[in-house]
Amino acid sequence: MGRGPAKKPARPTGKSSLHLRIDFGSERSIGPGKVRLLELINETGSISAAGRALAMSYRQAWLLVDEMNQMFRDPVVAAQTGGGGGGGTTVTETGNDIVRLYREMERRAYDAASSEIRSLARLLTPQDGSPH
């Protein structure tokens, strides 16, 4: 139904990363947690398995999926019926578009801020416990 999982953003060297949260007003937002949940639903075909992978209960994962399904014009996740396994869950084309767009924004934001991120990283205390 969808185009498959979106590519994850290229991770910067080291452990620096940048995450975005987009607020649409009226307590509607999308950020790294919801996007990762959609990616894991794509990988596992299951809300409960995706929730477990994120150390959250099925109920919490389902509430996030329901929130996204209500927030966007078209559903982002849909139930699949049938089969010997009893069905499952699929991320819709809209859901895959959301993941793709979010990851692209994240990548562009990182690229735009990479110089400042490197400058901030140089100001960090060393992790080996040694003094500056």
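For the stretch 87-110, how many residues meet the condition of being without any contact (Cβ under 8 Å) to a residue 24 or more places away in the chain and small (Gly, Ala, Ser)? So the answer is 1. Annotation note: Cβ proximity below 9 Å between a residue of the stretch 19-40 that is under 15 Å from GLU104 (Cα atoms) and a residue that is among the hydroxyl-bearing types (Ser, Thr, Tyr) and surrounded by fewer than 17 Cβ atoms within 10 Å (Cβ to Cβ) (sequence gap 6+ or interchain) occurs for ARG21/SER29; ILE22/SER29. Restricting the stretch 96-107 to residues that are closer than 14 Å to SER17 by Cβ and basic (Lys, Arg) leaves a set whose member that is modelled with the highest pLDDT is ARG103. Within the stretch 41-80, if we keep just the residues that are in contact (Cβ under 8 Å) with a residue 40 or more places away in the chain and either touching a helix residue (DSSP H, G or I) at 6+ places or on another chain (Cβ under 6 Å) or loosely packed, with under 13 Cβ neighbours inside 10 Å (or both), the residue that is farthest from ILE22 (Cα to Cα) turns out to be ILE47.
The values are calculated or read from the model by the stated rules, or taken from the named source; none is laboratory data. Given the structure is predicted, the values throughout are model-derived calculations rather than measurements. Note: ideal-geometry Cβ built from the backbone for every residue, glycine included; neighbour counts use all protein chains shown.
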